[in-house]
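Peer 1: Would you mind keeping the following structure in view while I ask a few things?
The values are calculated or read from the model by the stated rules, or taken from the named source; none is laboratory data. Everything numeric in this text was worked out from a predicted model, so none of it was measured. Note that each Cβ is placed from the backbone with ideal geometry, even for glycine, and that neighbours are counted across all protein chains shown.
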Amino acid sequence: MKRSVLAVVLTVVMAASVFSGCTPKQGSTSSESAGGAGAVQETETAAFNPDEEDGIEIGELRSALGAVPKLEGSVKLGAVAKAFENEYWRTLKEGYGVFQDKLQANGYDVTIDVSSAQGEGDEQGQLSIVKDMINKKYNGLLLSPISDGNLVPGVDDAKKAGIPVVNVNDGLIANSDVFVGPKAIQNGELAAEWISEKLGGTGQVAIVIGMPKAFAARQRTAGFEQYMAANATGIEIVAKQNADWDRSKAKDLADTWIKQYPDLKAIFCNNDTMALGVVEAVKSSGKDILVVGVDGIGEAYDSIRRGELDATIDSFPLYKSQIAGEVTLRLMGGQEIPRVIWTPQALIDATNVEKPAEEIIGWEEPVFEN
Amino acid sequence: MKSIWKKFSRELGIIVALVILIAVFGILEPLYLTPTNLMDIVDQSVINGLLAVGITMVIITGGIDLTVGSTMAVVIVCIGNLLVGGLNPVAAILLGVLLGFVLGGLNGFLIAKMHLQPFIATLGMMSVYRGIAYLVTGGWPVLSIPQNFRTAMDGDVAGVFPSSVVILLLATSVGYVILKHTKFGTYLYAMGNNEEATRLSGVNVDFNKIIAYALCGVSTALAGMVLLAKLGTGEPTAGQGYELNAIAAAAVGGTSLAGGKGSMLGTFFGAILLQALKVGLVVLGVDTFWQYIATGVIIIVAVYLDIVQEKIKSWKFERKFAR
């Protein structure tokens, strides 16, 4: 009897996970369901779309507002990332640490505590961390939500408690005070521009997508497709499939495509992990197919140096978190901050892979008060 | 001829389903039937097929193993590190198999000796093993796996098919022999049908159970090492959600999640069927959202075919005796 109950439970779990892409995740967000089938093709239709705001870059903000204000008393900032399993979030965390050290070296009494959820499926856990920080009376929050909706209740609480909330890419919080991140749609556009240039404007290309929970990931594909439709009509997108952000699944997809489309010239992948899987497929086929990823992880840089991966779009999380920290202090110091602050992103290929990031993005240190 | 027919009648449902599926995709897109594409399907089934070999044994005992994805990741990062450190590939493979045996055996110990329910025990260990995989590398991937190991686990055999396919065929054959032609195999079915009766008839149930989970760990370790060879990079995030694909392959192949019923060949064809479906949907360019629905429907249809087949059998049986 017990056994048959177990069998039923298992079957349900199995079927459910097959439908949800084999990662049991719950709590789909309002914007995700609003996007529906068109979400990966069209621009986001959610209420808050940072790509459509008149954002400004950090350089502009600095020249308008001057030095980073020194706040009274000791300031405790809480940053919550998605999941440290992912290199992107570890690097973002490192950036918060770098910024904290710079502040302390300049006599600012600021600490930044960084934590993350337990995996990118842990939406409730991430909310608990935020609520805990509110209870512990942190002075400011820098949040990168797993989905577009999971932190909304926490942000409401923070607002009631008078704690400013800065939304750090990616993941969107409609009711945050400021959004700090790159222009998401530009990400796919940069990849499309580079590929169409390399191919001379004609040829077959394919896209490996990851099932997107967050806005930024959805915009990658949208930006790529829109650029091609508007600027490179000779480029034909022959295939577009999901590989669940999984390296092995992406490799399998590419294996199939390379045989199905003998004239395939380029493959754009929604992240570097999948791109590196595709690189393995391209290598074993012996064909000359361009592979472009997104994120700029260390392994992608290594692969570009070896001449395997062709390009990646780096959004420089190490600097993104420093900008986010700076914006938070300015906000808390009473400065007028626009709704959206753009952070730098750039395409990395063999020509600039050895160039220091500071040089690529023209990084300058913020001015501190004495 | 008739005896062969009878011998494999259990796998008939899944084979019919597979042939129909391939025929339908072949009609819709002739390119699907090219030898290279069909070979690709088999090649891409290897990981799931290997996981399913072990999970089939465990499910037959009436248990389940949710740790396979995480166990894979532990093997991948540990063996990956050793290989990069210069360990001989043969030694690494043996060590990997041993590691899988130990990790799987630990699951078996929790279930047999500490009387935890298999679902809960392996749910817990799934998280523990995943954590270990992250700790071993600090979350970073192990890069640049040596080419000799990659050739051993995923190189061309006689220029025709990858060695990973040979590994799957070997593992399936061994699993087949264990289930059909050893006392141990008989015990597994007996335990799945009625554990108490098996115990009372003098079988060391606990020991055999631990060995079943340990063997599941071994086939999982093989899957992990094949994945490591295929990708050339060992990621601690590897294998997330793979346990459910493996369970699906076993179920589609006629293994009952209630225990006591299942076959290695069925599982093998189940894994191939799932990948044939996946590749077919890709070749046809079916929208991702629809792929989820198609996959779920095919799983349900395939399992239902199995039930219908059983019904026909028992109906024939009854008629025979009614006369």
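Peer 1: So how many residues does region A:269-309 have that are in contact (Cβ under 8 Å) with a residue 60 or more places away in the chain, touching a Lys or Arg at 6+ places or on another chain (Cβ under 8 Å) and either under 20 Å from A:Ala222 (Cα atoms) or not hydrophobic (A, V, I, L, M, F, W, C) (or both)?
Peer 2: 4
Peer 1: Picking from A:Glu189, A:Glu193, A:Glu197, which residue would you name as being in contact with a Leu (Cβ under 9 Å, 6 or more places away or on another chain), under 21 Å from A:Asp349 (Cβ atoms) and not polar (S, T, N, Q)?
Peer 2: A:Glu193
Peer 1: A further question on this structure: From the list B:Val301, B:Val279, which one is part of a helix (DSSP H, G or I), over 17 Å from the mean Cα position of the chain (by Cα), of a type in the set (A, V, I, L, M, F, W, C) and facing chain A (nearest Cβ under 10 Å)?
Peer 2: The match here is B:Val279.
Peer 1: So is A:Phe224 crowded, with 21+ Cβ neighbours inside 10 Å, modelled with pLDDT of 95 or more and either more than 18 Å from B:Val286 (Cα to Cα) or in the same structural domain as A:Gly171 (by TED's automatic domain parsing) (or both) or not?
Peer 2: yes
Peer 1: Regarding A:Lys137, is this residue exposed (fewer than 15 other Cβ atoms within 10 Å of the Cβ), basic (Lys, Arg) and outside the structural domain of A:Thr273 (by TED's automatic domain parsing)?
Peer 2: On the way: exposed (fewer than 15 other Cβ atoms within 10 Å of the Cβ): yes; basic (Lys, Arg): yes; outside the structural domain of A:Thr273 (by TED's automatic domain parsing): yes.
Here the answer is yes, as A:Lys137 does meet what is asked.
Peer 1: When region A:142-159 is examined, which residues are found to be in contact with a helix residue (DSSP H, G or I) (Cβ under 9 Å, 6 or more places away or on another chain) and modelled with pLDDT of 90 or more?
Peer 2: Result: A:Leu142, A:Leu143, A:Ser144, A:Pro145, A:Leu151, A:Gly154, A:Val155, A:Asp157, A:Ala158.
Peer 1: Further question: I'd like the full set of residues that are touching a Pro at 6+ places or on another chain (Cβ under 9 Å) and either in the same structural domain as A:Asp272 (by TED's automatic domain parsing) or at pLDDT 90 or above (or both), limited to region A:100-123.
Peer 2: A:Lys102
Peer 1: For region B:99-128, enumerate the residues that are touching a residue at least 40 places away in the same chain (Cβ under 8 Å), within 13 Å of chain A (Cβ to nearest Cβ) and not hydrophobic (A, V, I, L, M, F, W, C).
Peer 2: B:Pro118, B:Thr122, B:Ser127
Peer 1: Quick check on this structure: which one of B:Val58, B:Val24, B:Val42, B:Val53 is over 24 Å from the mean Cα position of the chain (by Cα), assigned to a helix (DSSP H, G or I) and of a type outside the set (D, E, K, R)?
Peer 2: Details: B:Val58 fails: over 24 Å from the mean Cα position of the chain (by Cα); B:Val42 fails: over 24 Å from the mean Cα position of the chain (by Cα); B:Val53 fails: over 24 Å from the mean Cα position of the chain (by Cα).
Of B:Val58, B:Val24, B:Val42, B:Val53, the one residue that is over 24 Å from the mean Cα position of the chain (by Cα), assigned to a helix (DSSP H, G or I) and of a type outside the set (D, E, K, R) is B:Val24.
Peer 1: Within region B:36-55, identify whether any single residue is in contact with a Lys or Arg (Cβ under 9 Å, 6 or more places away or on another chain) and either under 20 Å from B:Tyr129 (Cβ atoms) or more than 14 Å from chain A (Cβ to nearest Cβ) (or both), and answer yes or no.
Peer 2: yes
Peer 1: To continue, here is another question. Which condition number does B:Gly285 fail, the rest of (1) surrounded by 24 or more Cβ atoms within 10 Å (Cβ to Cβ); (2) more than 17 Å from the chain's Cα centre (by Cα) being met?
Peer 2: (1)
Peer 1: In addition: If I filter region A:195-204 for residues that are under 28 Å from A:Glu87 (Cα atoms) and modelled with pLDDT of 95 or more, do I get at least one hit?
Peer 2: yes
Peer 1: Right, another one. Which of the residues belonging to region B:257-291 are under 30 Å from B:Val205 (Cβ atoms) and among the β-branched types (Val, Ile, Thr)?
Peer 2: The one that is under 30 Å from B:Val205 (Cβ atoms) and among the β-branched types (Val, Ile, Thr): B:Thr267.
Peer 1: Quick check on my filter: what residues within region B:129-139 are in contact (Cβ under 8 Å) with a residue 24 or more places away in the chain and over 20 Å from the mean Cα position of the chain (by Cα)?
Peer 2: Start the filter on region B:129-139 by keeping residues that are in contact (Cβ under 8 Å) with a residue 24 or more places away in the chain, which leaves B:129-130, B:132-134, B:136-137, B:139.
Once the filter is applied, which keeps residues that are in contact (Cβ under 8 Å) with a residue 24 or more places away in the chain and over 20 Å from the mean Cα position of the chain (by Cα), region B:129-139 yields B:Ile132, B:Ala133, B:Tyr134, B:Val136, B:Thr137, B:Gly139.
Peer 1: Out of region B:18-66, which residues are of a type in the set (Gly, Ala, Ser) and either surrounded by fewer than 16 Cβ atoms within 10 Å (Cβ to Cβ) or in contact (Cβ under 8 Å) with a residue 40 or more places away in the chain (or both)?
Peer 2: B:Ala23, B:Ser45, B:Gly49, B:Ala52, B:Gly54, B:Gly62, B:Gly63
Quick grid of which residues meet (1) assigned to a loop (DSSP other than H, G, I, E, B); (2) within 13 Å of chain A (Cβ to nearest Cβ); (3) in contact with a Gly (Cβ under 6 Å, 6 or more places away or on another chain); (4) modelled with pLDDT of 90 or more:
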site: B:Leu244; (1), (2), (3), (4): no, yes, no, yes
site: B:Ile272; (1), (2), (3), (4): no, no, no, yes
site: B:Val283; (1), (2), (3), (4): no, yes, no, no
site: B:Gly296; (1), (2), (3), (4): no, yes, no, yes
site: B:Glu310; (1), (2), (3), (4): no, no, no, no
site: B:Trp315; (1), (2), (3), (4): no, no, no, no
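Peer 1: Continuing with this model, one more query. Out of region B:220-236, which residues are part of a helix (DSSP H, G or I) and at the interface with chain A (Cβ under 8 Å from one of its Cβ atoms)?
Peer 2: Residues satisfying the conditions are B:Leu227, B:Lys230, B:Leu231.
Peer 1: With the requirement that a residue be at pLDDT 90 or above and aliphatic (A, V, I, L, M), what does region B:1-38 give you?
Peer 2: Answer for region B:1-38, where residues must be at pLDDT 90 or above and aliphatic (A, V, I, L, M): B:Leu18, B:Val19, B:Ile20, B:Leu21, B:Ile22, B:Ala23, B:Val24, B:Ile27, B:Leu28, B:Leu33, B:Leu38.
Peer 1: Surrounded by fewer than 22 Cβ atoms within 10 Å (Cβ to Cβ), more than 22 Å from the chain's Cα centre (by Cα) and closer than 30 Å to A:Ala79 by Cβ, is that true of A:Gly298?
Peer 2: Answer is no for this residue.
Peer 1: Among the candidates B:Gly202, B:Gly239, single out the residue that is at positive phi and more than 14 Å from chain A (Cβ to nearest Cβ).
Peer 2: After ruling out the rest, the residue left standing is B:Gly202.
Peer 1: Residue pairs, Cβ under 7 Å, 6 or more apart or interchain, first in region B:256-283 and free of Cβ contacts under 8 Å to residues at least 40 places away in the same chain, second of a type outside the set (D, E, K, R) and in a helix (DSSP H, G or I). List them.
Peer 2: If the second residue must be of a type outside the set (D, E, K, R) and in a helix (DSSP H, G or I), the pairs left are B:Leu281/B:Gln291; B:Leu281/B:Ala294; B:Val282/A:Leu253; B:Val282/A:Thr256.
Peer 1: Oh, and also: Residues B:Ile76, B:Ile64: which one is touching a Phe, Trp or Tyr at 6+ places or on another chain (Cβ under 6 Å) and of a type in the set (A, V, I, L, M)?
Peer 2: The unique qualifying residue is B:Ile64.
Peer 1: Does region A:226-241 contain any residue that is more than 14 Å from every other protein chain (Cβ to nearest Cβ), hydrophobic (A, V, I, L, M, F, W, C) and in a loop (DSSP other than H, G, I, E, B)?
Peer 2: Yes, because at least one residue in region A:226-241 is more than 14 Å from every other protein chain (Cβ to nearest Cβ), hydrophobic (A, V, I, L, M, F, W, C) and in a loop (DSSP other than H, G, I, E, B).
Peer 1: To continue, here is another question. Restricting attention to region B:155-180, report how many residues are modelled with pLDDT under 90 and buried (at least 18 other Cβ atoms within 10 Å of the Cβ).
Peer 2: Narrowing region B:155-180 to residues modelled with pLDDT under 90: B:155-162.
When the remaining residues are screened for being buried (at least 18 other Cβ atoms within 10 Å of the Cβ), the result is B:162.
Result for region B:155-180: 1.
Peer 1: Take B:Ser256 and decide whether it is more than 7 Å from chain A (Cβ to nearest Cβ), part of a helix (DSSP H, G or I) and not hydrophobic (A, V, I, L, M, F, W, C).
Peer 2: No: the conditions fail for B:Ser256.
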